[in-house]
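Here's the structure we're looking at; comments come further down.
The values are calculated or read from the model by the stated rules, or taken from the named source; none is laboratory data. Model, not experiment: these values are computed from the prediction. Backbone-built Cβ (ideal geometry, glycine too); neighbour counts: all protein chains shown.
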Amino acid sequence: MYTIKTDAAKKRVYISFSGFLSYEEAKKCTDETIIATNQFKHGYDVITDISQLKPTLPEVTKEIERTQAHFKNSGVRIGVRIVGQSALTGMQFKRLSGSIGYESVNVASMDEAEKLLDK
């Protein structure tokens, strides 16, 4: 399961995941994320909360890479990933982002993510 929210005033996109993510959900999420970020052009921030996401299947990682490539190519300013206690999923996302050159910061909580971006 996933949710996507935007905050136009902060030029920020919030994506939250929980449970297991199917390929169909991942593809739909990527498509919706691309639409959501198009309103900001360059210089927007992304907070992705994967603290409740279970490790993903190989076919889902292709959509994660597509999303991260879009962030990189569309001018994201800062990407922050909330990993909480989910070390395995956090490492998986970090490895994928590194493979395409999308840099993001891992943090433990939403509060920490917001403070980092509000500096």
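Summary table
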| quantity | calculated |
| --- | --- |
| Subset tally (residues that are hydrophobic (A, V, I, L, M, F, W, C), surrounded by 13 or more Cβ atoms within 10 Å (Cβ to Cβ) and assigned to a helix (DSSP H, G or I)) for the stretch 33-45 | 2 |
| Per-region count, the stretch 71-94, residues assigned to a helix (DSSP H, G or I) and either modelled with pLDDT of 95 or more or in contact with a helix residue (DSSP H, G or I) (Cβ under 9 Å, 6 or more places away or on another chain) (or both) | 4 |
| Set Thr48, Thr30: member being within 16 Å of His70 (Cβ to Cβ), at pLDDT 95 or above, β-branched (Val, Ile, Thr) and not in a strand (DSSP E or B) | Thr30 |
| Qualifying residues in the stretch 1-27 (those that are more than 14 Å from the chain's Cα centre (by Cα) and assigned to a strand (DSSP E or B)) - the one farthest from Asp118 (Cα to Cα) | Gly19 |
| Residue within the stretch 52-70 that is buried (at least 16 other Cβ atoms within 10 Å of the Cβ), in a strand (DSSP E or B) and not charged (D, E, K, R) present | yes |
| Condition met for Tyr102 (among the aromatic types (Phe, Trp, Tyr) and modelled with pLDDT of 95 or more) | no |
